[in-house]
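Peer 1: My structure is below; once you've seen it, I'll send some questions.
The values are calculated or read from the model by the stated rules, or taken from the named source; none is laboratory data. Keep in mind it's a predicted model, so treat the numbers as computed, not measured. Cβ: placed from backbone, ideal geometry, glycine included. Neighbour counts: every protein chain shown.
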Amino acid sequence: MSGLIEGLPDPVALRCLARVPFYLYPKLELVSHSWRVAVRSPELFKAREEVGSAEELLCVCASDPENLWQMYDPLRDLWITLPVLPSKIRRLSHFGVVSTGGKLFVLGGGSDDVDPSTGDQDGSFATDELWSYDPVMHRWTQRAPMVLPRAMFACCVLNGKIIVAGGFTSCRKSISQAETYDPEKDIWIPIQDLHRTHNSACTGLVIGGKMHVLHKGLSTVQVLDNVTSGWTAEDYGWLQGPMAVVQGALYVMSHGLIFKQEKDARKVAISASEFRRRIGFAMAALRDEIFVFGGLIGPDRFNWDIKPVSDVDILTTRGDRPTWRQAAPMTKCRGTIFGCTLLRI
């Protein structure tokens, strides 16, 4: 990088560029070769942290179109489309997704593709694939595979390391094994197994710096404080349903209501009756807001059609009276949400 902005030292010019919103970076790259190098440099993204201009974007992947991700910019209410995930697996689903170190990670999963003539799936129920997306370089990279192929598993980030646990290696074989991934070293290391698989799909979330693994249909939660201490099992009595962690508090959508769920108690936060007919949507949290993405409008007695939607609804939880509003709909993705996570750039 040299002579980025006439009359300014490059370190100062770089801090100026760091204040430009991320969605404009493709246009900055067109200014000159030196600007393109600057925009794609790790130094620029370090400068964004230093000047306080780092942005939090929400990444979403839906059933249509296949293997396509979009990022939502909540400050500007706009969508950014990423290059298609280059996996050979058609309609990759039931995967894990997290972000750390300014990169998006998509792990495992299997094919949701069905042959329309036979109704058969393509046979890829679970994979060991790991892909990372670098928003600086605008590209996907295949990383070291997991120790075990898995789908429908728990996946979280603790202290910058990715942890996966449970899930299935085939449609009939659930697993208790867990492992952790170091993004800097690109290596996987097995850790202590879960106590039980319960022969069911599971999901993971982080509350209070601990990973919680929840199994479908069960109130028992398996908790990991750190990889050396192992798992403990506790019965929290949490409701089942779409979940989001807002500033350390768990919110659950169940029976047309959103509950704020404590360890031993819960209270109704607000009605969510408009989502009763919607299935396959996802919830994610950013600061003090809950975002509800996509899904399908199911059939009713008057209309048997199933309609994929690209709608985005936002619940603001601050204050005594939470409120709903609508955001810009997804511009490419629609239908069942396969993955959703927060990415800090």
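Peer 1: Give Gly160, Gly167, Gly230, Gly237 a once-over and let me know the one that is under 21 Å from the mean Cα position of the chain (by Cα), surrounded by fewer than 18 Cβ atoms within 10 Å (Cβ to Cβ) and among the small types (Gly, Ala, Ser).
Peer 2: Gly160
Peer 1: For the stretch 187-211, how many residues meet the condition of being closer than 11 Å to Gln222 by Cβ, crowded, with 16+ Cβ neighbours inside 10 Å and of a type in the set (S, T, N, Q)?
Peer 2: So the count comes out to 1.
Peer 1: Also: Taking into account only those residues within the stretch 240-268 that are small (Gly, Ala, Ser) and not in a loop (DSSP other than H, G, I, E, B), which is farthest from the chain's Cα centre (by Cα)?
Peer 2: Ser254
Peer 1: Is at least one residue of the stretch 105-113 touching a Cys at 6+ places or on another chain (Cβ under 9 Å), touching a residue at least 60 places away in the same chain (Cβ under 8 Å), aromatic (Phe, Trp, Tyr) and within 27 Å of Thr81 (Cα to Cα)?
Peer 2: So far as the stretch 105-113 goes, yes, one or more of its residues are touching a Cys at 6+ places or on another chain (Cβ under 9 Å), touching a residue at least 60 places away in the same chain (Cβ under 8 Å), aromatic (Phe, Trp, Tyr) and within 27 Å of Thr81 (Cα to Cα).
Peer 1: Being of a type in the set (Val, Ile, Thr) and crowded, with 19+ Cβ neighbours inside 10 Å is the filter here; which residues of the stretch 143-157 pass it? Give the derivation first.
Peer 2: Within the stretch 143-157, the subset of a type in the set (Val, Ile, Thr) is 147, 157.
Within the stretch 143-157, Val157 is the sole residue that qualifies.
Peer 1: Quick one: count up the residues across the stretch 242-259 that are farther than 19 Å from Val157 by Cβ and surrounded by fewer than 15 Cβ atoms within 10 Å (Cβ to Cβ).
Peer 2: Qualifying residue count for the region: 2.
Every residue, every condition in (1) surrounded by 16 or more Cβ atoms within 10 Å (Cβ to Cβ); (2) modelled with pLDDT under 95, yes or no:
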| site | (1), (2) |
| --- | --- |
| Ser2 | no, yes |
| Gly7 | no, yes |
| Pro26 | no, yes |
| Ser34 | no, yes |
| Val39 | yes, yes |
| Lys46 | no, yes |
| Glu49 | no, yes |
| Val60 | yes, no |
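Peer 1: Moving to a separate point now. Look through the stretch 312-345, keep the residues that are over 18 Å from the mean Cα position of the chain (by Cα) and basic (Lys, Arg), and return whichever of them is nearest to Gly204 (Cα to Cα).
Peer 2: Per the criteria, the residue is Arg318.
Peer 1: Additional query: Is it true that some residue in the stretch 43-54 is farther than 21 Å from Arg143 by Cα and within 19 Å of the chain's Cα centre (by Cα)?
Peer 2: Yes, some residue in the stretch 43-54 is farther than 21 Å from Arg143 by Cα and within 19 Å of the chain's Cα centre (by Cα).
Peer 1: Check Arg334 against each of (1) under 14 Å from Leu58 (Cβ atoms); (2) out of contact with any Leu (no Cβ under 7 Å at 6 or more places or on another chain); (3) touching a residue at least 40 places away in the same chain (Cβ under 8 Å); (4) of a type outside the set (S, T, N, Q) and name the one condition it does not meet.
Peer 2: (1)
Peer 1: Now for a separate question. It is to be established whether one or more residues within the stretch 151-167 are in a strand (DSSP E or B) and over 25 Å from Lys216 (Cβ atoms).
Peer 2: Yes: one or more hits.
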